Amino acid sequence: MQISKKWHALHTKPRWEKKVAELLARKGIESYCPVNKVSRQWSDRKKIILEPLFTSYVFVNIDETQLSSARATNGVINFVYWLNKVALIRNEEIETIKRFLNEHDNVQLQKIPVRTNDTVRITNGLLMGQKGQIVSVNSKSVKVILPSLGFMMQAEVETSSIEIVKKQGLPFSENLEFAI
């Protein structure tokens, strides 16, 4: 019988995300600490640095037998819980984060409640074929909702790369924000 691994989110001490990922790797536990390429300006130079996208979070792909070992890792506070159970993160959401970070630099996170409005399909780019929900009509930006975490990633996208699949009453505009 093969034990199936599932993605979970670990809450870490502040600024321990990369260290926790390293310690988990030493234990043989698969982890993912998404990092964002951010440009920082110092008085004498400009530099691209890698900083964790989700502050105080690291994702682990583990089975039930590895729960206590992951939790016991130095720097880990606890698992993220949803409805009194260890929260599960869908594989598709981890893959979406990876694709999004490969395509965009300087990604911004915004904590949001999940909403439903117009359904759209991305017709171009790395996320081609993905369906999503329009969150608001604003500037030229894409907002990708990750329901398990309640976060939204944001980056610029061409509106020509979006088509309406199902109308829910929002006015169509040149500039859309949507959520996958």
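The values are calculated or read from the model by the stated rules, or taken from the named source; none is laboratory data. Source: prediction; values computed, not measured. All Cβ positions, even for glycine, are placed from backbone atoms using ideal geometry, and neighbour counts span all protein chains on display.
Data for the structure
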{"item": "Entirely in the stretch 1-77, the strands (runs of 3 or more DSSP E) that have 1 or more residues that are polar (S, T, N, Q)", "result": "6-12, 30-32, 35-41, 57-62"}
{"item": "Number of positions in the stretch 8-29 that are surrounded by fewer than 20 Cβ atoms within 10 Å (Cβ to Cβ) and within 23 Å of Glu103 (Cα to Cα)", "result": "1"}
{"item": "Qualifying residues in the stretch 42-66 (those that are surrounded by 11 or more Cβ atoms within 10 Å (Cβ to Cβ) and without any contact (Cβ under 8 Å) to a residue 24 or more places away in the chain) - the one nearest to the chain's Cα centre (by Cα)", "result": "Glu51"}
{"item": "Pair list, Cβ < 9 Å and 6+ apart or interchain, from the stretch 93-118 residues that are loosely packed, with under 15 Cβ neighbours inside 10 Å to residues that are at pLDDT 90 or above and outside any loop (DSSP other than H, G, I, E, B)", "result": "Lys98/Tyr32"}
